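Encoded as structure tokens, the structure appears first; notes follow it.
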Amino acid sequence: MKLAALVLLVLACGVVHAGDDILGFDAPASAAERALEAEFDANIDAGVMDSWLKSLSARPHHLSSQADKANAEFIAELLDSWGYDTEIVQYQVLFPTPRVREVELVAPTRFVAGLTEESLAEDPSTAVRDTLLPPYNAFSIDGEVEAELVFVNYGIPEDYEMLERYGIDVAGKIAIAKYGGSWRGIKPKLAGEKGAVGTLIYSDPADDGYGVGDVYPKGPFKNDSGVQRGSVMDMPTYPGDVLTPGRGATANAKRLRREDAPTITKIPVLPLSYRDALPLLAAMGGEVVPQEWRGDLPITYHLGPGPARVHMKVAFDRNLVSIYNVIARLEGSAWPDEWVIRGNHHDAWNDGAADPLSGLVATLAEARAVAVLAKAGHPPLRTIIYAAWDGEEPGLIGSTEWAEDHADALKQHAVAYLNTDGSSRGFMNIGGSHVLEHYLNQVTAELDDPLAGVTLKERRRDYLLVNGNDKKKAEARDRQDLRIAPLGSGSDYTPFLQHLGVASANFGFGGEAQDGSYHTLYDTYEHYTKFRDPGLVYGATLARVTGRATLRLANAPRLPFDFGGFADNIALYVGELEELADNMRTQTEETNKLVVDGTFTAALDPNKSLGPPATREAVPYFNFAPLKNALRRLQLAADAFGEAAAAGDASDDEINSLLYTSERLLTRDEGLKGRKWYKHFIYAPGYYTGYGVKTIPGVREAIEQRDYPEVEPQIGVAAEVLNRMAERIELLAERLGKES
Ligand SMILES: [Zn+2]
């Protein structure tokens, strides 16, 4: 007890010495682990990473291309040569590639969109295009439509509320939307729900082009022919192969009929460069767009509809193709049945130097250094599985199919899943399960930023102290651990975390190099090494971060899970939910009053078509008590666990199993309402944001979507999930208390 109090006191003072024990290790084990990590660091070689980056990015290597298969074989050979038990695991999945892409302005003037990106003399990689897929949005439905254009800004829910006030309906029209503001797949999804017959998505130079900085090749930003490709599959419903939701797409798997796949868009969609979008937007009439909707093209932006009329036609070849996941296993010497899984995808839309190879070569460097330690007599105590996923770009397909195929084994054996994807330079961004927050803070507190001369953790803290809002500044000052972000979606952690309930984390450097090359022809070796991470110094640091994260999970006598940070983040979310409901209630009341008594209309320009918003149903008061009681129990349990854990080093197989399966308790078999594939009740991608996270999603989305009768039942479900977690933590505290 005394020792616990002392430890708590030290933590409260925010003092962390390099000599402090690593979470899950006692003092001698910590010293041994740190010595091992120093050896690991010495085996990370940025020069070797650079050579892999160059060869893997030499050609476009999208799913189903020859280069994709060749890269999988190259990666498998490396892992095999280092001593991993390596296999290439195949699945058969539906993958659409474009056969017809046409966009033509037919009135009031004529213009045929080129829909192509230009090779650049300054970047020889952009001339290698024999296996290049042209710009398109994967999982658009086939279609041919002709209709007037409506400008929908980013095409997110609030934009349609604004259009309604202008009396503009997209029904029967083609919606033209800017990239940004949400994940791209939301744009055709919402436009389709509103009755539009087609969607065009373009990158405005204000967001990604000359409005932000110099364009490629002079600078990193999008030039006038660059087009962001990408999937528009309805991933917030379920990711992975569209024909085999919830099961592995093995050769004999039961499949949906292609016409029944619910995650293919309902209306045709194509992406455009700003060069192709300009004549379309210039031909539009109607009301001038609101100030905050304007972009940086040299025109006055109008809402439409029309008189610009566009004919668009898209058709796709939809073939079942093989995907090639590389799975490499290093057996644990003490606990082989506990698996630490570490993955990064290998497929790319084009050359993919940044996305995904910058993360992949760090993963490979890590795997090589781990293998060197094993050969020198220090094999991991738990089994480590390295995965290079195929088919991430079209919709997290490789990881999802593998996770679905091995669901039962993973639920039993997976300790955690650690993910990387494209990485750049700047700050170490970590998102993940909050049971991992403290252990991950220990990792970033022990490694230096390669250029700034302070630790990764200090640098982030300094950034928050300078740039954060008042709340973030106060936290950066007073909270010992920096918060890790909750995970939404956008990379391969999704099937592990949100479908199976495996505690997960995602790592990447970013914030100080812009990504105008994202999903374009220009995501090349030249672009990456000139503008993103010259010398791969941040890439080498990434390998050290994830290497420590992997090794500590693999070697910790007691798994480094902790619940204080988890409870504290849940408290934050519960507070946010109450605030959300309160703010919506006040705003709805105020706006309704101004609309009903005519104030709103009187304040508007009578010569313009912008009208008042529609009145809304009043927001009722909700009973958050079940959630708050569950939170209180969770906090008390987390405190008890923290004391018991600090008091001794007790660990055994059962304690470790209780620790790593705790995340499973946050899932429920029946899944989220209307999207049962998503089973995690604390973290989910937003149904109308795509990648953006919704924490405690059942409750939050019911409030946001004004589905009031659903709010209290969802509060009950969330409380039940948290009570189960609290019960597990209480049990752990009791077990640790007994054995210490
Ligand atoms: Zn990626």
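All of the numbers you see were taken from the coordinates with simple rules; none came from a lab. This one's a predicted model, so the numbers in the text were calculated from it and none came from an experiment. Backbone-built Cβ (ideal geometry, glycine too); neighbour counts: all protein chains shown.
Note on the chain: helix-only mean residue ellipticity at 222 nm, from DSSP H runs of 4+ residues weighted -39500 (n - 2.57) and normalised by residue number, equals -12000 deg cm²/dmol. Candidates VAL435, LEU330, PRO697 compared by Cα position along the dipole of the chain: farthest toward the positive end lies PRO697, with charges placed on Cβ. Once the mean of 1/r is taken over each pair of separate Cα atoms and inverted, the stretch 340-405 shows a Kirkwood hydrodynamic radius of 12.9 Å.
Subtracting the Cα-Cα distance of LYS608 and GLU144 from their residue separation scaled by 0.36 nm leaves 163.6 nm. Dividing the radius of gyration of the alpha carbons in the stretch 476-635 by their Kirkwood radius gives 1.12 for Rg/Rh.
Charged side chains reduced to their Cβ positions (Lys and Arg at +1, Asp and Glu at -1) give the stretch 496-650 a dipole of some 420 debye around its Cα centre.
Here the dipole of the stretch 453-507 is about 220 debye; that uses its Cα centre as origin and unit charges on the Cβ of Lys and Arg (positive) and Asp and Glu (negative). A dipole drawn for the chain from +1 and -1 charges on Cβ atoms has a positive end, and of ALA196, LEU256, LEU447 the residue lying farthest that way is ALA196. Here the contact order of the chain, divided by its residue count and restricted to Cα pairs under 8 Å and six or more residues apart, works out to 18 percent.
Put simply, the stretch 470-522 fits an ellipsoid with semi-axes of 26, 22, 8 Å; these come from the alpha carbon gyration tensor as the roots of five times its eigenvalues, largest first. In µm²/s, what is D for the stretch 329-444 at 10 °C and 1.306 mPa s, where D = kT/(6 pi eta Rh) by Stokes-Einstein and Rh is the Kirkwood radius from Cα pairs? Diffusion coefficient, whole number: 103 µm²/s. Structure note, pairs LYS222/LYS457; LYS178/LYS676; LYS313/LYS530; LYS254/LYS694; LYS194/LYS694: Cα-Cα distances above 26 angstrom occur for LYS222/LYS457; LYS178/LYS676; LYS313/LYS530; LYS254/LYS694. Label separation (ARG477 vs ALA35): 4.3 nm, computed from points 7 Å beyond Cα along the C-beta direction. In this Cβ point-charge picture (+1 for Lys and Arg, -1 for Asp and Glu), the stretch 241-293 has a dipole of about 500 debye about its Cα centre. Between ARG616 and ARG99, the FRET efficiency estimated from the beta carbon spacing at R0 = 60 angstrom works out to 0.85. In a DSSP loop and with at most 13 other Cβ atoms within 10 Å, the trypsin sites (Lys or Arg not before Pro) in the stretch 577-685 are LYS608.
Among the trypsin sites (Lys or Arg not before Pro) in the stretch 230-313, those placed in a DSSP loop whose Cβ has at most 12 other Cβ atoms within 10 Å are LYS254, ARG257.
Distance between the C-alpha centres of the stretch 228-258 and the stretch 597-627: 40 Å, rounded to the whole angstrom. Just tell me the longest site-free run in the chain, where the sites are GluC sites (Glu not before Pro) in a DSSP loop having at most 12 other beta-carbon atoms within 10 Å. Looking at the chain, 123-616 is the longest stretch - no exposed GluC sites (Glu not before Pro) with at most 12 other Cβ atoms within 10 Å.
Restricting the calculation to alpha carbons of the stretch 259-300 gives Rg and Dmax of 15.0, 43 angstrom. Please compute the modelled spin-label separation between ASP653 and ALA127, points set 7 Å along Cα→Cβ, answer in nm with one decimal. Going by the 7 Å Cα→Cβ label model, 6.2 nm. Selection among ALA409, LEU53, ILE75 by position relative to the dipole of the chain gives ALA409 as farthest towards the positive end (Cβ unit charges, Cα centre).
Helices of the chain meeting both criteria, an alpha-carbon length of 18 angstrom or more along the long axis and an average Kyte-Doolittle score not below 0.0, with helices taken as full DSSP H segments, are 359-375, 537-555, 625-647.
Rounded to the nearest angstrom and listed largest first, the equivalent-ellipsoid semi-axes of the stretch 112-158 from its Cα gyration tensor are 30, 15, 13. Pairs of alpha carbons in the stretch 591-635 separated by more than 15 Å make up 62% of all such pairs. Cα centroids of the stretch 321-341 and the stretch 506-557: 22 Å apart. Residues within the reach of a label modelled at LEU465 (point 7 angstrom out along Cα to beta-carbon, backbone nitrogen below 20 Å), restricted to the stretch 439-458, are 441-458. Per residue, the convex hull around the alpha carbon atoms of the stretch 609-740 comes to 141 Å³. A simple spin-label model places pseudo-atoms 7 Å from Cα toward Cβ; at GLU579 and VAL454 they are separated by 2.5 nm. Summarised as an ellipsoid, the chain has semi-axes of 42, 33, 24 Å, derived from the eigenvalues of the Cα gyration tensor scaled by 5 and square-rooted, with the largest first. Given the stretch 172-273, report the % of alpha carbon pairs whose separation exceeds 16 Å. The proportion of pairs with Cα distances above 16 Å equals 64 percent. Using only Cα atoms, locate the centre of the stretch 153-171 and the centre of the stretch 98-112, then give the distance between them in Å, rounded to an integer. When both Cα centres are located, 24 Å separates them.
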